[in-house]
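Presented below is the structure to which this report refers.
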Amino acid sequence: MLKVAILGVTGKIGILLAKNIIASNEFVLSGALTSNENCFLGKDLGEFLKDKKNGIIITNNINKALLGAD
């Protein structure tokens, strides 16, 4: 499985990508990046997507977001 991070995860395309990657059997979501001003900064991505918690914390630190990605 390919580990993927999404930059701009709280935008329209980022949300679509996140939902599809989470549902995928070929990819694993490993990180989620957003802007410094985003009100979802520090929140669990699953909760942001109105799903169950998944342990992926939305960050504004690119190094943290890309840490587990391939």
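The values are calculated or read from the model by the stated rules, or taken from the named source; none is laboratory data. Bear in mind the structure is a predicted one, so any value in this text is a computation, not a measurement. No Cβ is skipped: glycine too gets one built from the backbone with ideal geometry, and neighbour counts run over all protein chains shown. Heads up: the accessible areas ignore ligands, DNA and RNA and are worked out on the full protein's heavy atoms, side chains in. Shrake-Rupley method; radii C 1.70, N 1.55, O 1.52, S 1.80 Å.
Principal axis extents of the C-alpha atoms in segment 30-70 (largest first, rounded to whole Å): 25, 24, 10. Taking all Cα pairs closer than 8 Å and separated by 6 or more residues, the relative contact order of the chain comes to 36 percent.
On the protein heavy atoms, probe 1.4 angstrom, tell me the percent of accessible surface of segment 21-70 carried by carbon and sulfur. That share works out to 52 percent.
Candidate cross-link partners of Lys19 among the lysines, defined by an alpha-carbon separation under 17 Å and a same-chain spacing of 8 or more, comprise Lys3, Lys43, Lys50, Lys52, Lys53.
Annotation: peptides 42-48, 21-27, ranked by per-residue average of other Cβ atoms within 10 Å with the highest first, follow the order 42-48, 21-27. A simple packing score, the average count of other Cβ atoms within 10 Å per residue, orders the peptides 54-64, 3-13 as 3-13, 54-64, with the highest score first.
Computed with a 1.4 Å probe over protein heavy atoms only, the accessible surface of the chain comes to 66 Å² per residue.
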